[in-house]
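Down below is the structure, laid out as C-alpha cells.
The values are calculated or read from the model by the stated rules, or taken from the named source; none is laboratory data. These numbers come from a predicted model, not from an experiment. For neighbour counting, all protein chains shown are included, and Cβ atoms are generated from backbone atoms with ideal geometry for every residue, glycine included. All accessible areas refer to the heavy atoms of the entire protein, side chains included, with ligands and DNA or RNA removed. Shrake-Rupley method; radii C 1.70, N 1.55, O 1.52, S 1.80 Å.
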Amino acid sequence: MRHLIRKSKIFACLLILCGLTGVANSADTVAPKYTLTIAISGETLVYFPLYVARAGGFFEREGIKVDWVNVGAASRQTPAVMGGSADVTPLSLFHMFDAESKGLKLVAISDLFDATALQVVLTNKALKSTGITASMSLDEKIKRLKGLQIGTSAPGSGTETAFRKMLIARGIDPDKWVQLRPVGGAAPSLAAFQNGLIDGVVYAAPVPEIIESKGLGRTVIDGFTGEVPEVAGVPFLVLATSRDTIQKKGPMINAAVAAIAKAMAFTQQHPEETSAMLRQYFQNTDPAVYAKMADSYRKASARSPLITPQQVANTARWTGIGETHPVDAKYLDIVDPEPARLALGQTSAKQGQ
C-alpha cells in the first residue's frame, strides 16, 4: 500500500513538473533577441512578478534571455543601472523621487509589489521584556520598542525607510527611540537574530516566517495586515531603468514589461501553479513556511504593470513624512508609463497627461 502511495505522489509531482515545463516551453516561445540584465540585492518574494516571468518562461516568449545579477547590496542597484552594467532593477518607488531630485535619469516602468513589506519581528527575550502582544494598538507597540536594537538590511533600504517613517509619523525620532543596526541580507539577519546580537529585525520574507517556524520570535508589526495606515496605496516595489536605456533599448524594455504583465495575469489565474514554480528559488525553506509566505506575497503582488498618478501621489505624501517641505513630484518625471500601456494594449499615456 505504501508503495502505491509513493508511486502516486511521484506521478503527481511529474504531472506538476510537466505542466510547468509546458508553461516555459510553449509553442510561442521565440529565439532570444535580447539579453536583459536585472540587478537585484538578494532573494526575496517582493520580486514576485519577476520570479514568475522568469520561472514561467514569459521572458522567453518575448524573445528575452535574462541575466539575473545579484549585486549584493541595495546601494549598488541604482549605480548598476545608471552605469549601464544592468538594464533594470527593482526599487522602492520612493527611490525614484530621490533619483529625480538628484538629477539622475532614473524612471519607473512597471509596478511590481503593492504592499509595504514592513514586518517587525522580535526575539522571544524582547517580547518578554517589552510585553508586546498582537492585540495591542500600533501606537502601543511602537511605544514599547523604545531602547531596542533593531536590525535592518542596509541604511536607506526600503524596509528601513518604512520603519523610520512609521515612527516619524507618530512624532518619534527613530534614532533616539531605537538603535538601528544594518546587518545585511537574509542569512546574516537570521544569524544576528538567533545569536542575540539584535532584539528584533525589519525584513521581508522569508526571514520573519523562518524565525517564527523555528520558535525564535514573533512578528509584532505587519504591513500586510493594514495596521500601518500611512502606507495605504503606496507601492513598495517597482521596476526601474534609465531614460538612456529606454532610448537605446526601447523594444527590449517594452518586451520585458509585456512579459511581466503576462506573468501578473498568470499569477492571478493560476495561484497554485505559480507557488509551485517559485519554489525553486526557496528550496531551503521549510515547505509549510514557504506555502504561507507564497500565499501572502502572491496576494500583495501587483496585478498590473501600470503605475498610476494616484500611486505616485500617495508615495509623495508618504515620502514627505518628516521632511521640511512637501515632496513635489510630477508623474511623468517619476514614471514612464508607455511600456505598461503598450503591454496592456492601451492608448498613449502621453495623451492627457
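Descriptive notes on the structure:
- Scanning region 156-198 for residues that are under 20 Å from LEU216 (Cα atoms), small (Gly, Ala, Ser) and without any contact (Cβ under 8 Å) to a residue 24 or more places away in the chain turns up ALA187, ALA191.
- Selection status of LEU36, modelled with pLDDT of 95 or more and open to solvent by less than 10 Å² (accessible area, probe 1.4 Å): yes
- Here the condition is being within 26 Å of the chain's Cα centre (by Cα) and over 30 Å from LEU239 (Cα atoms); of ALA108, ALA126, ALA134, it holds for ALA134 alone.
- Matching residues, region 253-300, being more than 18 Å from ALA115 (Cβ to Cβ), in contact (Cβ under 8 Å) with a residue 60 or more places away in the chain and open to solvent by 60 Å² or more (accessible area, probe 1.4 Å): LYS262, GLU273, GLN280, ASP286, ALA288
- The single condition among (1) modelled with pLDDT of 95 or more; (2) of a type in the set (D, E, K, R); (3) more than 24 Å from GLN269 (Cα to Cα) that ARG341 does not satisfy is (3).
- Qualifying residue in region 141-151 (condition: at pLDDT below 90 and either under 20 Å from GLU212 (Cα atoms) or touching a Phe, Trp or Tyr at 6+ places or on another chain (Cβ under 6 Å) (or both)): no
- Scanning region 201-252 for residues that are within 30 Å of TYR34 (Cα to Cα), of a type outside the set (A, V, I, L, M) and open to solvent by less than 50 Å² (accessible area, probe 1.4 Å) yields PRO235, PHE236, THR241, SER242, THR245, GLY250.
- Residue tally, condition open to solvent by 30 Å² or more (accessible area, probe 1.4 Å) and closer than 20 Å to GLU160 by Cα, over region 95-124: 3
- Check on VAL66, surrounded by 24 or more Cβ atoms within 10 Å (Cβ to Cβ), on the phi < 0 side of the Ramachandran plot, outside any loop (DSSP other than H, G, I, E, B) and touching a strand residue (DSSP E or B) at 6+ places or on another chain (Cβ under 7 Å): no
- GLY171 meets each of the listed conditions (1) touching a Phe, Trp or Tyr at 6+ places or on another chain (Cβ under 9 Å); (2) closer than 24 Å to GLY320 by Cβ apart from (1).
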